[in-house]
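Asks: Right, I'll just put the structure down here and ask away after.
The values are calculated or read from the model by the stated rules, or taken from the named source; none is laboratory data. Quick caveat: nothing in here was measured; it's all calculated off a predicted structure. Every residue, glycine as well, gets a Cβ built from its backbone with ideal geometry; the counts of neighbours run over all protein chains shown.
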Amino acid sequence: MVRKLLIAPDHLSNWNNIMRLSYWAMSLLSLAAVFMTWLLILSDKPYASPAFFEKQVLIRNSLILGTLIVAELIYRLKSSLQDYIIIMLGSCFGAITLALSSTEVRGVQIVMVLPILVSILHFNYGKVIFACWVTMVTYLFIMFVVPAYRYEFALSQKAIGFSVIIIVTLISLGIVNRGLQMMKEEKEALRNEKKHRLQQQAVHEAASMDALTSLENHKTFQERMRLTLADESQSQVHLAILDIDNFKLVNDTYGHAVGDQVLRKVGKLLRTCSKENIFPSRYGGEEFTIIFVGLDDKAVAECLEHIRLETERLSFGEMEDRNVTISIGCHKLQAGETRDVLFRLADEALYTAKRCGKNRIAW
């Protein structure tokens, strides 16, 4: 039973659960204090009768504990009303404490503003007003129904209590107003930050990506080559250069718009092959490059053959469903070779593929 009470329902918000546990802690501490006092008195007077123990203290703590148990049951039945239950729980907590406390205790009325203070956590004007209304009604009920307060409490003291409730309500509304303004400003700042990040991302993509194919552009390719070759931990680096066969004929026969469509589809195919160690880019015109990092010759050859075959299978309705082919030259970086040497040897392999009939891979 105790374990079930300690575990909050899934629908209970974090703030409400904190307040729920706080009410339990205050109630249990109050009960512990009462029984500790009782034990201390009995230790001094072993034969003393428990009659000295004020019954209203036990009644007060029992009522508070009962209220908490009832609230726990309601939490699990009326999840949509949990915020208002927390507020009303604070009102019950304060009302029981005030009604069963001695009128000689100064400042005890302050306990009545507890639900108003709790309502601040919701940052909602309506809930603060609701807490004020509940507190006013409860305080009025105690002042005119509980005999001790009705007859022994001066009118001025009662008026002070109502004044405190109104003042605390106004302060709470001010806090909520400021809190909402701060949240609005925070949301606006987050929106601006997100917008700024998106703008930066767009600028970065515009500077690093090819607009037609959405692949990395020539500048990014050169930078990636420099960084890859500067990394001494990379033991295997391959560079492949791809060229669309007879691309000039496509432009001359079908127009540059169709040529752009061919470039887009080839670029899309290359993007599907892109991985954390495979970096395709558009070098310029109808030429593309792929940097392979950490792959052996067999894996690179299989990837390039896949690209060659899939390119040949592309269909272009703009060219009467005719296809295009690509030639590929590839070279693996050897010890002592520079970036320029790597590119030159890959380019020479490309021209070998062209001279040998196109639509093939040369090393």
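Asks: Contact list please: Cβ distance under 7 Å, first residue in the stretch 285-301 and more than 16 Å from LEU269 (Cβ to Cβ) and assigned by TED's automatic domain parsing to the domain that holds GLN236, second residue surrounded by fewer than 18 Cβ atoms within 10 Å (Cβ to Cβ) and basic (Lys, Arg), pairs at least six apart or on different chains.
Replies: Note: pairs meeting the criteria are ILE291/ARG224.
Asks: GLY174 passes all but one of (1) surrounded by 19 or more Cβ atoms within 10 Å (Cβ to Cβ); (2) within 36 Å of the chain's Cα centre (by Cα); which number fails?
Replies: With respect to (1) surrounded by 19 or more Cβ atoms within 10 Å (Cβ to Cβ); (2) within 36 Å of the chain's Cα centre (by Cα), GLY174 is out only on (1).
Asks: Restricting attention to the stretch 205-246, which residues are loosely packed, with under 15 Cβ neighbours inside 10 Å, among the aliphatic types (A, V, I, L, M) and in the same structural domain as ASP260 (by TED's automatic domain parsing)?
Replies: Answer for the stretch 205-246, where residues must be loosely packed, with under 15 Cβ neighbours inside 10 Å, among the aliphatic types (A, V, I, L, M) and in the same structural domain as ASP260 (by TED's automatic domain parsing): LEU227, ALA230.
Asks: If you go through the stretch 108-127 one residue at a time, do you hit one that is modelled with pLDDT under 75, surrounded by fewer than 22 Cβ atoms within 10 Å (Cβ to Cβ) and out of contact with any Phe, Trp or Tyr (no Cβ under 8 Å at 6 or more places or on another chain)?
Replies: yes
Asks: Inspect all residues belonging to the stretch 321-334 and state whether any of them is in a loop (DSSP other than H, G, I, E, B), closer than 17 Å to GLN222 by Cα, out of contact with any Cys (no Cβ under 9 Å at 6 or more places or on another chain) and touching a residue at least 60 places away in the same chain (Cβ under 8 Å).
Replies: Within the stretch 321-334 (the criterion being in a loop (DSSP other than H, G, I, E, B), closer than 17 Å to GLN222 by Cα, out of contact with any Cys (no Cβ under 9 Å at 6 or more places or on another chain) and touching a residue at least 60 places away in the same chain (Cβ under 8 Å)), the answer is yes, since at least one residue qualifies.
Asks: Also: Test ASN277 against the criterion of being over 38 Å from the mean Cα position of the chain (by Cα) and surrounded by fewer than 17 Cβ atoms within 10 Å (Cβ to Cβ), and give yes or no.
Replies: no
Asks: Filter the stretch 279-332 for residues that are under 24 Å from VAL237 (Cβ atoms) and polar (S, T, N, Q) and give the result.
Replies: Across the stretch 279-332, the qualifying residues are SER281, THR289, THR311, SER327.
Asks: Please tell me if GLU286 is of a type in the set (Asp, Glu) and surrounded by 15 or more Cβ atoms within 10 Å (Cβ to Cβ).
Replies: yes
Asks: Looking at the structure I just gave you, is LEU314 buried (at least 19 other Cβ atoms within 10 Å of the Cβ), over 12 Å from ASP243 (Cα atoms) and touching a Leu at 6+ places or on another chain (Cβ under 9 Å)?
Replies: When the stated conditions are applied, LEU314 does not pass them.
Asks: Please determine, by comparing only the residues of the stretch 227-247 that are among the charged types (D, E, K, R) and at pLDDT 90 or above, which one is nearest to GLU287 (Cα to Cα).
Replies: Here the residue is ASP243.
Asks: Specify which of the listed residues (TYR149, TYR139) is under 44 Å from the mean Cα position of the chain (by Cα) and surrounded by 13 or more Cβ atoms within 10 Å (Cβ to Cβ). Steps first, answer last, please.
Replies: Details: TYR149 fails: under 44 Å from the mean Cα position of the chain (by Cα).
Selected residue: TYR139, the only one of TYR149, TYR139 that is under 44 Å from the mean Cα position of the chain (by Cα) and surrounded by 13 or more Cβ atoms within 10 Å (Cβ to Cβ).
Asks: Additional query: Cβ-Cβ under 8 Å, sequence separation 6+ or interchain: first residue in the stretch 140-158 and among the acidic types (Asp, Glu), partner surrounded by 10 or more Cβ atoms within 10 Å (Cβ to Cβ) and assigned to a loop (DSSP other than H, G, I, E, B). Which pairs?
Replies: Final answer for the pair search is GLU152/THR103.
Asks: Consider the stretch 194-239. How many of its residues are part of a loop (DSSP other than H, G, I, E, B) and either touching a Lys or Arg at 6+ places or on another chain (Cβ under 8 Å) or of a type in the set (A, V, I, L, M) (or both)? So that I can check it myself, show each step before the final result.
Replies: Filtering the stretch 194-239 for residues part of a loop (DSSP other than H, G, I, E, B) gives 210-215, 217, 231-236.
Next, only the ones that are either touching a Lys or Arg at 6+ places or on another chain (Cβ under 8 Å) or of a type in the set (A, V, I, L, M) (or both) stay: 210-215, 217, 236.
Qualifying residue count for the region: 8.
Asks: Does ALA131 qualify as being out of contact with any Ser or Thr (no Cβ under 7 Å at 6 or more places or on another chain), of a type outside the set (S, T, N, Q) and either at pLDDT below 70 or not in a loop (DSSP other than H, G, I, E, B) (or both)?
Replies: It is false that ALA131 is out of contact with any Ser or Thr (no Cβ under 7 Å at 6 or more places or on another chain), of a type outside the set (S, T, N, Q) and either at pLDDT below 70 or not in a loop (DSSP other than H, G, I, E, B) (or both).
Asks: Quick one: which of MET209, MET183 is among the hydrophobic types (A, V, I, L, M, F, W, C), under 30 Å from ARG264 (Cα atoms) and under 37 Å from the mean Cα position of the chain (by Cα)?
Replies: MET209
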